[in-house]
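In what follows, a structure is listed as structure tokens, so that the remarks can point back to it.
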Amino acid sequence: MIVIDGTNVIFGRMATFVAKKALSGEDVRIINAEKIVLTGNPSAIIEKYLERRRAKHTGNPELSPKWPRVPHMLIKRMIRGMLPWKTARGKSAYKRIIVYSGNPKELKAGEIALKKYNGVSPHITVQQLCEMMGYTK
């Protein structure tokens, strides 16, 4: 089992690593999901995810895609985009990924060399993004 600490980790770099490991059959746990960093223009990122939440199926809104506001569920949904989740292989890989907000006592993060945020480029954390989408603790 691989445990990844999401503190100041760039989302895209982490998600590709997680998707690959899950597809190869390993269990992956991500802790501190709310501290993962999305790099880029913050207002563009917020607008992109607000637009995804607003998208509705005109004939039957219950058939619309669901985008969560809770940090750990949003991260898992974003990682799903990197998996072939409509196939049996992708579904089983998706089930092997568990994401936690905060740090559960029973899990301890190992040292995995993932690209950390350098503090220079524009960014937004998952916690800030979720709060802009209406998440409250």
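Tabulated data for the structure shown
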{"item": "Verdict on residue 41 being modelled with pLDDT of 95 or more, out of contact with any Lys or Arg (no Cβ under 6 Å at 6 or more places or on another chain) and either farther than 23 Å from residue 1 by Cα or among the acidic types (Asp, Glu) (or both)", "result": "yes"}
{"item": "Counted residues, segment 72-126 - those being in a strand (DSSP E or B) and basic (Lys, Arg)", "result": "1"}
{"item": "From the options 9, 3, residue that is among the aliphatic types (A, V, I, L, M) and surrounded by fewer than 21 Cβ atoms within 10 Å (Cβ to Cβ)", "result": "3"}
{"item": "Looking only at segment 13-29, and only at residues there that are loosely packed, with under 15 Cβ neighbours inside 10 Å and without any contact (Cβ under 8 Å) to a residue 60 or more places away in the chain, the one that is nearest to the chain's Cα centre (by Cα)", "result": "20"}
{"item": "Scope segment 10-35; condition within 17 Å of residue 82 (Cα to Cα) and outside any helix (DSSP H, G or I); matching residues", "result": "10, 24, 25, 26, 27, 28, 29, 30"}
{"item": "Every residue from segment 30-48 that is out of contact with any Ser or Thr (no Cβ under 6 Å at 6 or more places or on another chain), surrounded by fewer than 19 Cβ atoms within 10 Å (Cβ to Cβ) and in contact (Cβ under 8 Å) with a residue 12 or more places away in the chain", "result": "40, 41, 42, 45, 46"}
{"item": "Subset of segment 81-97 (residues that are closer than 22 Å to residue 130 by Cβ, surrounded by 17 or more Cβ atoms within 10 Å (Cβ to Cβ) and not aromatic (Phe, Trp, Tyr))", "result": "82, 83, 97"}
{"item": "Selection within segment 98-137 - under 27 Å from residue 47 (Cα atoms), crowded, with 16+ Cβ neighbours inside 10 Å and of a type in the set (Gly, Ala, Ser)", "result": "101"}
{"item": "Single residue of 52, 69 found to be assigned to a helix (DSSP H, G or I), modelled with pLDDT under 95 and closer than 13 Å to residue 129 by Cβ", "result": "52"}
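The values are calculated or read from the model by the stated rules, or taken from the named source; none is laboratory data. Since the structure is predicted, the reported quantities are computational estimates derived from the model, not experimental observations. All Cβ positions, even for glycine, are placed from backbone atoms using ideal geometry, and neighbour counts span all protein chains on display.
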